[in-house]
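Report on one structure; see the data block that follows.
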Amino acid sequence: MKRRFDRYFPWLFTASDFIASLVSLLLTNFFLQKFGVFAKVELDAFLPLSVLWLLISLLRKDYKIGRTDEYGDTLKHLLGTVFWFVGATAILWIPFNTPELQVLPVLTLGVGMLVLMGSYRVSVHMMLRSYRSKGKNYRNAVIVGKGGTSPRLADVFRIRKDFGINFLGYYDNLSDCAQTRGGIQQFFEHAPELDLDLIYIHEQLEPGLVRKIIDFADENYIKVKMIPGGSLQLEKNLSFSRYGDFFVINVNEIPLDNAFNSFAKRAFDIVFASLVIVFILSWLIPLVGFLIKLESRGPIFFIQKRNGVNNQVFSCLKFRSMTPNDYADTVQAKKGDPRVTRIGSFLRTTSLDEMPQFINVLLGDMSIVGPRPHTIPMNQTFQKQIERYNSRHKIKPGITGLAQVRGFRGEIENPHQIRSRVRLDSFYINNWSFLLDMGIMVKTVHELLFNRENAY
């Protein structure tokens, strides 16, 4: 069954994906017509688009849903397919089929495909997991070398049945547990009869023995994977760099080290910040500036030096919410702080005082989403108190961040709060995705509307 499934699944997925894409296009067309975005478009206009979707899906090998992939990985891959689909549609469909169709309708069509096809792809992923958890479409695996992190991997196979890994046992010269099938030499004798798909090698085996196992696996068409030690069992994906014939593990590489990811995040920042500046700050700055001047003397903006990416200092912009004082950099605002003006209290409660930071985003000092920047004195204090605190400066600071939408917003009153911020910032940096950014932005709006307890 495991061989037959791999042979037929790509064809089954491709056929059903074609039908799902056509249904998604028709449903999106139906709703967009209701809102007057599309003129009436017939079925035969969408058939070429479904064929286009099919070609892009095949070229990107969307049918390859990894055994250990999470749903977020499926959606991330789908996002790339939708990106290429929208681009190809804009280039090919508009000039040759429906000239009156403009860019906005094509983009809305892409959003509709992302939502509907996302639901379909996740459903397929869920069915695959369910199928594998029942013992179908499995892979036979052994671990050569027991000790260190090997038992943890065996526990993962036991707990995560949805991975479809049928763990047959260990081969080790020292271990004599119930799951040990024999010594390492016996592995070479037994392996041809086990119908193996995967061999996991413990990292502490001798290099010569590792080479021998890899050569054996190559001769028998078996995949080999190395089990990293405890120091490399990090909450991130490891990648590799090649120096001629020599490979090294990139231990602390992060998603935004990838050029495409960095470009996508920066492009979104520029577009979003530009829209906010043109349509909101263009009238908000004069209005708020007038109210600030009306209540107290001093500048409209409060400009404060803060640490950004790689600890570089930049000038962070805010609407001034306090009377001018000498303690702004060293003393945090507290509830009922006498320095806060009446208009300043409103600005801080609604977070409108942060709005000028969209100018920082456009200038490249900040991002929409990222770790919140702290003042230089606060940074110097926290660096001494919190282990790996400086790791939060690997990327640009943000107007909002994961820590802020998880309840760690406003004044830092105790060590637990700053440690939790650093932990959440670290998780965000190591697990960044465009979808994660979108989720944080949506949650930020929710926090601003319904949770203002820590904003003062």
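The values are calculated or read from the model by the stated rules, or taken from the named source; none is laboratory data. Please read these numbers as outputs of a predicted model, since none were measured by experiment. Note: ideal-geometry Cβ built from the backbone for every residue, glycine included; neighbour counts use all protein chains shown. Only protein heavy atoms, including side chains, enter the accessible area calculation; ligands, DNA and RNA are left aside. Shrake-Rupley method; radii C 1.70, N 1.55, O 1.52, S 1.80 Å.
Here are a few things to note about the model shown:
- Residue count for the range 331-352, restricted to those that are open to solvent by 90 Å² or more (accessible area, probe 1.4 Å) and either in contact with a His (Cβ under 7 Å, 6 or more places away or on another chain) or modelled with pLDDT under 85 (or both): 3.
- None of Leu174, Leu128, Leu168 is among the hydrophobic types (A, V, I, L, M, F, W, C), at pLDDT below 85 and at negative phi except Leu174.
- Matching residues in the range 369-381 - criterion: being open to solvent by 10 Å² or more (accessible area, probe 1.4 Å) and among the aliphatic types (A, V, I, L, M): Ile376, Met378
- Only one of the listed residues (Phe450, Phe358) is modelled with pLDDT of 90 or more and either closer than 20 Å to Leu275 by Cα or open to solvent by 20 Å² or more (accessible area, probe 1.4 Å) (or both). That residue is Phe358.
- Enumeration of residues in the range 299-313 that are within 19 Å of Ser391 (Cβ to Cβ) and either touching a residue at least 40 places away in the same chain (Cβ under 8 Å) or surrounded by 13 or more Cβ atoms within 10 Å (Cβ to Cβ) (or both): Arg306, Asn307, Gly308, Val309, Asn310, Asn311, Val313
- Ser420 being part of a helix (DSSP H, G or I) and more than 19 Å from the chain's Cα centre (by Cα): yes
- Matching entry among Ile399, Ile429, Ile368, Ile386 (being under 23 Å from the mean Cα position of the chain (by Cα), β-branched (Val, Ile, Thr) and farther than 30 Å from Phe290 by Cα): Ile429
- Residue in the range 129-164 that is surrounded by the most Cβ atoms within 10 Å (Cβ to Cβ), counting only those that are under 21 Å from Ile184 (Cβ atoms) and among the hydrophobic types (A, V, I, L, M, F, W, C): Ile143
- Search result, residues across the range 117-148 that are β-branched (Val, Ile, Thr) and free of Cβ contacts under 8 Å to residues at least 60 places away in the same chain: Val122, Val142
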